[in-house]
Amino acid sequence: MTREQIKDELKGIIGDYVPEKELLESLSEEHELIGDLKINSAHIVDIVLDIEDKYDIMIEDEAIGKMGTVGESIDIIFQKLDSK
Amino acid sequence: MISPQEIIDKLPYKTPFHFVDELEEVTDKGTVGYYTLKQDEYFFQGHFPGNPVTPGVIIVEIMAQIGLVCLGINLEHNKSNNSDNFVPLFSSTNVDFLKPTYPGDKLKVSSRLIYYRFGKLKCSIECHNLTSDELVCKGEFSGMIVKKDNVEK
């Protein structure tokens, strides 16, 4: 799986929780989930659970704190997929 | 283990915003509890004058206190053995209101855990009116349990 594929899939997952959908059109790896995409912080947990389901991986408490941006989230997904 | 009465004692709410009379069952999967709407609840004065009907937001609050917060206190206590320094924050709900409720009605609230992870608790909760034997409201509730020091003012 390429980074670009994961980013596209992630876009589908976070799309449900982004209040202003036009922000998704120019989604970049630098975008912060809460700061830039304006996702309610309580929904980060739902996003993580959706990611776990989609990739059949387990994300622990320490990792969720490192998922500040789209790029960092992709990094975590890759790490977990690698260690499967 | 923390007893149902200890959980009620730990609730941060006070009269006239304390909506748990009794907790019948508390496990790590859900709660069952009761609240009877008093004839002189403050909100009946204005909702509506001469025609008291329980506001939907109050039904949601009763369901959240019994189903979400009591369960959250239990789960947090079992995890850290300390549930004193935490405050519940209601983050979202999606409910259907099916029937109205009136002064004197006894409500039974049952919750079922969907998940409790990363400090976020999500439950499916139903509220039954035992006086009329009707399902009043059902839906999904989510909240965060956060340390008091981390709450942004």
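Suppose we keep only residues that are assigned to a strand (DSSP E or B) and more than 16 Å from the chain's Cα centre (by Cα) within the range B:117-134. Which one would you say is modelled with the lowest pLDDT? If we take residues in the range B:117-134 being assigned to a strand (DSSP E or B) and more than 16 Å from the chain's Cα centre (by Cα), then B:Arg117 is modelled with the lowest pLDDT.
Tell me which residues, restricted to the range B:40-81, are in a loop (DSSP other than H, G, I, E, B), farther than 28 Å from B:Glu25 by Cβ and of a type outside the set (Phe, Trp, Tyr).
B:Asp40, B:Gly46, B:His47, B:Pro49, B:Gly50, B:Asn51, B:Pro52, B:Val53, listed by residue number.
Out of curiosity, is A:Val48 buried (at least 16 other Cβ atoms within 10 Å of the Cβ) and either over 19 Å from B:Arg117 (Cα atoms) or of a type in the set (S, T, N, Q) (or both)?
Details: buried (at least 16 other Cβ atoms within 10 Å of the Cβ): yes; either over 19 Å from B:Arg117 (Cα atoms) or of a type in the set (S, T, N, Q) (or both): no.
For A:Val48, the condition - buried (at least 16 other Cβ atoms within 10 Å of the Cβ) and either over 19 Å from B:Arg117 (Cα atoms) or of a type in the set (S, T, N, Q) (or both) - is not met.
Here B:Asp96 passes the criteria (1) in a loop (DSSP other than H, G, I, E, B); (2) exposed (fewer than 15 other Cβ atoms within 10 Å of the Cβ) except the one numbered (1).
Here the range A:17-53 is the region considered, the condition is being farther than 15 Å from A:Val70 by Cα and without any contact (Cβ under 8 Å) to a residue 12 or more places away in the chain, and the residue that is farthest from the chain's Cα centre (by Cα) is A:Glu22. If you filter the range B:99-144 down to residues that are of a type in the set (Gly, Ala, Ser) and more than 14 Å from chain A (Cβ to nearest Cβ), you find that the one that is surrounded by the fewest Cβ atoms within 10 Å (Cβ to Cβ) is B:Gly104. For the structure I just gave you, tell me whether A:Ile47 is in contact with a helix residue (DSSP H, G or I) (Cβ under 9 Å, 6 or more places away or on another chain) and either modelled with pLDDT under 95 or more than 12 Å from chain B (Cβ to nearest Cβ) (or both). Judged against the criteria, A:Ile47 is not a match.
The residues in the range A:58-84 that are farther than 17 Å from A:Pro19 by Cα, β-branched (Val, Ile, Thr) and away from chain B (no Cβ under 14 Å) can be counted, and the count is 2. All of A:Leu81, A:Leu10 fail the test of being modelled with pLDDT under 95, of a type in the set (A, V, I, L, M, F, W, C) and farther than 21 Å from B:Met144 by Cβ, apart from A:Leu81.
The values are calculated or read from the model by the stated rules, or taken from the named source; none is laboratory data. Treat the numbers as computed from the prediction; the structure is a model and nothing was measured. Note that we place each Cβ from the backbone using ideal geometry, even for glycine, and neighbour counts take in every protein chain shown.
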